[in-house]
Amino acid sequence: MAAFLWAAAGGRIDYASVPGFLFAPRLLEGLVGTVVLSVASMVAAVVLGTVIALLNLSENPVARWFAVAWIWLFRAIPALVLLLLLYNAALVFPRLTLQVPFAADPFLDISTNDILTAATAAFVALALNESAYIAEIVRAGITSVDVGQTEASKSIGQTPFQRMSRVIIPQAMRVIVPPMGNNFIGLVKGSSIASVIGFVDLLRGSQIVASYNLLVIELLLAATIWYLIVVAVLTFLQAMLERRIHGGSTRVNMRKRIGRGLSTPPFMREKTDDPLT
(Lines give C-alpha, C1' and ligand atoms only; values in the text may rest on other atoms or scores of the structure.)
Protein backbone atom coordinates (compact mmCIF):
# COMPACT_ATOMS: atom_id res chain seq x y z
CA MET A 1 0.00 0.00 0.00
CA ALA A 2 2.83 2.37 0.84
CA ALA A 3 4.47 1.62 -2.53
CA PHE A 4 1.19 2.25 -4.32
CA LEU A 5 0.64 5.58 -2.55
CA TRP A 6 4.22 6.61 -3.33
CA ALA A 7 3.72 5.78 -6.99
CA ALA A 8 0.36 7.58 -7.10
CA ALA A 9 1.88 10.68 -5.51
CA GLY A 10 4.35 10.87 -8.37
CA GLY A 11 1.70 10.57 -11.06
CA ARG A 12 0.68 13.35 -13.41
CA ILE A 13 -2.34 14.29 -11.33
CA ASP A 14 -3.03 17.73 -9.87
CA TYR A 15 -3.91 16.61 -6.35
CA ALA A 16 -3.85 20.18 -5.05
CA SER A 17 -6.92 21.04 -7.14
CA VAL A 18 -9.06 18.16 -5.78
CA PRO A 19 -10.19 19.93 -2.55
CA GLY A 20 -11.36 22.92 -4.58
CA PHE A 21 -13.60 20.71 -6.72
CA LEU A 22 -15.41 19.25 -3.72
CA PHE A 23 -17.74 22.24 -3.51
CA ALA A 24 -18.13 22.91 -7.20
CA PRO A 25 -21.83 23.72 -7.90
CA ARG A 26 -22.24 20.87 -10.37
CA LEU A 27 -20.65 18.37 -7.98
CA LEU A 28 -22.87 19.52 -5.10
CA GLU A 29 -25.89 19.22 -7.41
CA GLY A 30 -24.79 15.70 -8.21
CA LEU A 31 -24.39 14.92 -4.49
CA VAL A 32 -27.96 16.01 -3.80
CA GLY A 33 -29.17 14.01 -6.81
CA THR A 34 -27.40 10.88 -5.61
CA VAL A 35 -28.76 11.12 -2.06
CA VAL A 36 -32.34 11.93 -3.13
CA LEU A 37 -32.42 9.21 -5.79
CA SER A 38 -30.98 6.60 -3.41
CA VAL A 39 -33.32 7.42 -0.53
CA ALA A 40 -36.43 7.57 -2.74
CA SER A 41 -35.55 4.33 -4.52
CA MET A 42 -34.82 2.54 -1.24
CA VAL A 43 -38.10 3.62 0.36
CA ALA A 44 -40.06 2.42 -2.67
CA ALA A 45 -38.03 -0.81 -2.75
CA VAL A 46 -38.71 -1.51 0.93
CA VAL A 47 -42.45 -1.05 0.44
CA LEU A 48 -42.53 -3.21 -2.70
CA GLY A 49 -40.15 -5.79 -1.26
CA THR A 50 -42.18 -6.19 1.93
CA VAL A 51 -45.37 -6.74 -0.05
CA ILE A 52 -43.65 -9.26 -2.32
CA ALA A 53 -42.20 -11.08 0.70
CA LEU A 54 -45.63 -11.37 2.30
CA LEU A 55 -47.08 -12.66 -0.98
CA ASN A 56 -44.24 -15.20 -1.15
CA LEU A 57 -45.16 -16.47 2.31
CA SER A 58 -48.86 -16.57 1.51
CA GLU A 59 -50.81 -19.83 1.36
CA ASN A 60 -52.42 -18.61 -1.88
CA PRO A 61 -50.55 -20.31 -4.76
CA VAL A 62 -51.33 -17.48 -7.19
CA ALA A 63 -49.85 -14.86 -4.86
CA ARG A 64 -46.87 -17.08 -4.11
CA TRP A 65 -46.06 -17.72 -7.79
CA PHE A 66 -46.49 -14.02 -8.60
CA ALA A 67 -43.91 -13.18 -5.91
CA VAL A 68 -41.52 -15.86 -7.18
CA ALA A 69 -41.84 -14.54 -10.75
CA TRP A 70 -41.28 -10.96 -9.58
CA ILE A 71 -38.11 -11.85 -7.67
CA TRP A 72 -36.78 -13.96 -10.54
CA LEU A 73 -37.46 -11.29 -13.15
CA PHE A 74 -35.90 -8.29 -11.44
CA ARG A 75 -32.93 -10.25 -10.12
CA ALA A 76 -32.26 -11.61 -13.60
CA ILE A 77 -32.38 -8.30 -15.50
CA PRO A 78 -29.27 -6.16 -14.88
CA ALA A 79 -30.08 -2.76 -13.39
CA LEU A 80 -28.44 -0.93 -16.29
CA VAL A 81 -30.45 -2.88 -18.87
CA LEU A 82 -33.68 -2.23 -16.95
CA LEU A 83 -32.81 1.46 -16.76
CA LEU A 84 -32.27 1.71 -20.52
CA LEU A 85 -35.46 -0.24 -21.28
CA LEU A 86 -37.57 2.09 -19.14
CA TYR A 87 -35.91 5.21 -20.49
CA ASN A 88 -36.75 4.11 -24.04
CA ALA A 89 -40.27 2.89 -23.26
CA ALA A 90 -41.64 5.54 -25.62
CA LEU A 91 -40.55 3.32 -28.53
CA VAL A 92 -43.33 0.91 -27.52
CA PHE A 93 -45.78 3.29 -25.82
CA PRO A 94 -45.41 6.73 -27.46
CA ARG A 95 -48.27 8.21 -25.47
CA LEU A 96 -50.12 7.31 -22.28
CA THR A 97 -53.87 7.71 -22.74
CA LEU A 98 -56.72 7.27 -20.28
CA GLN A 99 -60.12 7.24 -21.91
CA VAL A 100 -63.28 7.81 -19.87
CA PRO A 101 -66.26 5.74 -21.10
CA PHE A 102 -68.79 7.69 -23.17
CA ALA A 103 -66.53 10.75 -23.25
CA ALA A 104 -65.48 12.34 -26.51
CA ASP A 105 -62.04 13.46 -25.34
CA PRO A 106 -59.56 11.36 -23.35
CA PHE A 107 -59.18 12.16 -19.66
CA LEU A 108 -55.39 11.87 -19.94
CA ASP A 109 -53.23 12.04 -23.04
CA ILE A 110 -49.56 12.72 -22.43
CA SER A 111 -46.27 11.82 -24.07
CA THR A 112 -44.41 8.98 -22.40
CA ASN A 113 -41.18 10.96 -22.61
CA ASP A 114 -42.77 13.69 -20.46
CA ILE A 115 -43.33 11.14 -17.67
CA LEU A 116 -40.34 8.83 -17.98
CA THR A 117 -37.68 11.49 -17.65
CA ALA A 118 -34.13 10.58 -16.67
CA ALA A 119 -34.93 11.03 -12.97
CA THR A 120 -38.17 9.03 -13.13
CA ALA A 121 -36.66 6.20 -15.16
CA ALA A 122 -33.71 5.95 -12.77
CA PHE A 123 -36.03 5.95 -9.74
CA VAL A 124 -38.31 3.23 -11.13
CA ALA A 125 -35.46 1.05 -12.40
CA LEU A 126 -33.51 1.14 -9.12
CA ALA A 127 -36.64 0.61 -7.02
CA LEU A 128 -37.77 -2.41 -9.06
CA ASN A 129 -34.30 -3.93 -9.12
CA GLU A 130 -33.76 -3.45 -5.39
CA SER A 131 -37.26 -4.66 -4.43
CA ALA A 132 -36.39 -8.22 -5.47
CA TYR A 133 -33.45 -8.34 -3.06
CA ILE A 134 -35.37 -6.62 -0.27
CA ALA A 135 -38.14 -9.19 -0.66
CA GLU A 136 -35.71 -12.03 -0.01
CA ILE A 137 -34.20 -10.21 2.98
CA VAL A 138 -37.63 -9.61 4.53
CA ARG A 139 -38.69 -13.20 3.85
CA ALA A 140 -35.55 -14.50 5.56
CA GLY A 141 -36.18 -12.23 8.55
CA ILE A 142 -39.80 -13.32 8.94
CA THR A 143 -38.99 -17.03 8.64
CA SER A 144 -36.24 -16.65 11.25
CA VAL A 145 -38.89 -15.97 13.93
CA ASP A 146 -39.84 -19.12 15.78
CA VAL A 147 -43.22 -20.61 14.83
CA GLY A 148 -44.16 -20.69 18.50
CA GLN A 149 -44.31 -16.89 18.50
CA THR A 150 -47.06 -16.99 15.88
CA GLU A 151 -48.94 -19.72 17.71
CA ALA A 152 -48.73 -17.79 20.99
CA SER A 153 -50.07 -14.62 19.36
CA LYS A 154 -52.94 -16.63 17.86
CA SER A 155 -53.78 -18.05 21.27
CA ILE A 156 -54.35 -14.58 22.72
CA GLY A 157 -56.65 -13.60 19.84
CA GLN A 158 -54.42 -11.28 17.83
CA THR A 159 -55.38 -10.53 14.24
CA PRO A 160 -52.93 -11.34 11.40
CA PHE A 161 -52.01 -7.64 11.17
CA GLN A 162 -51.37 -7.46 14.92
CA ARG A 163 -49.28 -10.63 14.82
CA MET A 164 -47.16 -9.25 11.99
CA SER A 165 -46.75 -5.70 13.34
CA ARG A 166 -46.38 -6.45 17.07
CA VAL A 167 -44.75 -9.88 17.26
CA ILE A 168 -43.07 -11.03 14.06
CA ILE A 169 -41.67 -7.86 12.46
CA PRO A 170 -40.06 -6.48 15.67
CA GLN A 171 -38.18 -9.75 16.15
CA ALA A 172 -37.36 -10.10 12.45
CA MET A 173 -35.77 -6.64 12.35
CA ARG A 174 -32.62 -8.02 13.97
CA VAL A 175 -32.11 -10.20 10.91
CA ILE A 176 -33.43 -7.69 8.35
CA VAL A 177 -31.55 -4.51 9.26
CA PRO A 178 -27.88 -5.55 8.66
CA PRO A 179 -28.29 -6.87 5.09
CA MET A 180 -30.78 -4.12 4.25
CA GLY A 181 -28.25 -1.51 5.39
CA ASN A 182 -25.63 -3.12 3.19
CA ASN A 183 -28.05 -3.07 0.26
CA PHE A 184 -28.73 0.62 0.81
CA ILE A 185 -25.02 1.40 0.73
CA GLY A 186 -24.74 -0.65 -2.45
CA LEU A 187 -27.68 1.27 -3.90
CA VAL A 188 -25.97 4.60 -3.22
CA LYS A 189 -22.98 3.47 -5.25
CA GLY A 190 -25.08 1.69 -7.85
CA SER A 191 -27.12 4.85 -8.50
CA SER A 192 -24.17 6.07 -10.57
CA ILE A 193 -25.56 4.05 -13.51
CA ALA A 194 -28.19 6.79 -13.87
CA SER A 195 -25.47 9.00 -15.32
CA VAL A 196 -25.65 7.09 -18.64
CA ILE A 197 -29.08 8.59 -19.36
CA GLY A 198 -28.13 12.11 -18.32
CA PHE A 199 -29.29 12.15 -14.68
CA VAL A 200 -27.04 14.50 -12.71
CA ASP A 201 -25.55 12.44 -9.90
CA LEU A 202 -22.04 12.59 -8.46
CA LEU A 203 -20.50 10.81 -11.43
CA ARG A 204 -22.38 12.89 -14.00
CA GLY A 205 -21.58 16.09 -12.13
CA SER A 206 -17.87 15.28 -12.17
CA GLN A 207 -18.04 14.49 -15.88
CA ILE A 208 -19.73 17.82 -16.63
CA VAL A 209 -17.05 19.80 -14.79
CA ALA A 210 -14.29 17.70 -16.37
CA SER A 211 -15.63 18.48 -19.84
CA TYR A 212 -14.61 22.12 -19.28
CA ASN A 213 -11.21 21.79 -17.60
CA LEU A 214 -10.22 18.26 -18.83
CA LEU A 215 -9.15 17.26 -15.28
CA VAL A 216 -10.96 13.93 -15.43
CA ILE A 217 -9.08 12.04 -12.73
CA GLU A 218 -9.10 15.01 -10.36
CA LEU A 219 -12.90 15.29 -10.64
CA LEU A 220 -13.30 11.53 -10.18
CA LEU A 221 -11.22 11.74 -7.01
CA ALA A 222 -13.44 14.55 -5.73
CA ALA A 223 -16.54 12.45 -6.45
CA THR A 224 -14.89 9.48 -4.72
CA ILE A 225 -14.29 11.55 -1.60
CA TRP A 226 -17.99 12.44 -1.46
CA TYR A 227 -18.91 8.76 -1.87
CA LEU A 228 -16.58 7.91 1.02
CA ILE A 229 -18.21 10.56 3.21
CA VAL A 230 -21.76 9.46 2.39
CA VAL A 231 -20.97 5.78 2.98
CA ALA A 232 -19.22 6.61 6.27
CA VAL A 233 -22.33 8.47 7.49
CA LEU A 234 -24.61 5.61 6.42
CA THR A 235 -22.34 3.06 8.10
CA PHE A 236 -22.50 5.01 11.35
CA LEU A 237 -26.29 5.31 11.16
CA GLN A 238 -26.60 1.59 10.42
CA ALA A 239 -24.47 0.76 13.47
CA MET A 240 -26.60 3.02 15.67
CA LEU A 241 -29.81 1.45 14.35
CA GLU A 242 -28.51 -2.08 14.93
CA ARG A 243 -27.48 -1.10 18.45
CA ARG A 244 -30.95 0.32 19.10
CA ILE A 245 -32.69 -2.80 17.77
CA HIS A 246 -30.52 -5.12 19.83
CA GLY A 247 -31.14 -3.01 22.93
CA GLY A 248 -27.45 -2.26 23.36
CA SER A 249 -26.66 -5.93 24.01
CA THR A 250 -23.49 -6.00 21.97
CA ARG A 251 -20.65 -8.38 22.72
CA VAL A 252 -18.56 -5.59 24.22
CA ASN A 253 -21.37 -4.58 26.57
CA MET A 254 -21.92 -8.19 27.62
CA ARG A 255 -18.22 -8.59 28.43
CA LYS A 256 -18.34 -5.40 30.51
CA ARG A 257 -21.41 -6.61 32.39
CA ILE A 258 -19.84 -9.99 33.12
CA GLY A 259 -16.69 -8.21 34.23
CA ARG A 260 -18.74 -6.23 36.76
CA GLY A 261 -20.43 -9.38 38.01
CA LEU A 262 -23.78 -8.58 36.37
CA SER A 263 -25.64 -11.24 34.42
CA THR A 264 -22.89 -13.73 35.24
CA PRO A 265 -24.01 -17.32 34.67
CA PRO A 266 -24.21 -19.41 37.88
CA PHE A 267 -21.45 -21.79 36.76
CA MET A 268 -19.06 -18.81 36.38
CA ARG A 269 -19.66 -17.37 39.85
CA GLU A 270 -17.17 -18.01 42.64
CA LYS A 271 -18.31 -20.48 45.27
CA THR A 272 -18.57 -19.21 48.86
CA ASP A 273 -19.72 -20.58 52.19
CA ASP A 274 -22.59 -18.09 52.31
CA PRO A 275 -25.77 -20.06 51.56
CA LEU A 276 -27.47 -16.91 50.25
CA THR A 277 -24.85 -16.37 47.55
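The table for this structure:
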| item | result |
| --- | --- |
| Surface accessible to a 1.4 Å probe, V209 within the full protein complex, Å² | 20 |
| Solvent-accessible surface (1.4 angstrom probe) belonging to F93, in square angstrom, nearest 10 | 130 |
| Heavy atoms of S155 accessible to a 1.4 Å probe, total area in Å² rounded to 10 | 90 |
| Structure-based [θ]222 nm, the chain - -39500 (n - 2.57) summed over DSSP H runs of at least 4, per residue, nearest 500 | -21500 deg cm²/dmol |
| Sequence-separation-based contact order of the stretch 44-127, relative, with Cα cut under 8 Å and 6+ spacing, percent | 24 |
| Residue among D105, D146, D114 with the largest mean-square fluctuation in a Gaussian network model of the chain, springs linking Cα atoms under 10 Å | D105 |
| Per DSSP, loop trypsin sites (Lys or Arg not before Pro) in the stretch 1-90 with at most 14 further Cβ within 10 Å | R12 |
| Dimensionless Rg/Rh of the stretch 29-76 - Kirkwood Rh, Rg from C-alpha atoms | 1.19 |
| Gaussian network model of the chain, Cα within-10 Å springs - most flexible of L37, L187, L228 | L228 |
| E29, E130, E59, ranked by accessible area, largest first (probe 1.4 Å) | E59, E29, E130 |
| Formal net charge of residues neighbouring I115 (Cβ-Cβ distance under 13 Å; K, R +1; D, E -1) | -1 |
| Theoretical FRET efficiency, 1/(1+(r/R0)^6), r = Cβ-Cβ of L214 and D114, R0 41 Å, to 0.05 | 0.70 |
| Hull shadow area, averaged, the chain [alpha-carbon convex hull, nm²] | 26.5 |
| Accessible area of the stretch 72-180 divided out per residue, in Å², using a probe of 1.4 angstrom | 60 |
| Relative contact order computed over the chain (Cα-Cα under 8 Å; 6+ residues apart), in percent | 26 |
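The values are calculated or read from the model by the stated rules, or taken from the named source; none is laboratory data. Quick caveat: nothing in here was measured; it's all calculated off a predicted structure. Neighbour counts run over all protein chains shown; Cβ positions are idealised from the backbone, glycine included. Side chains included, ligands, DNA and RNA excluded: accessible areas come from the protein's heavy atoms. Shrake-Rupley method; radii C 1.70, N 1.55, O 1.52, S 1.80 Å.
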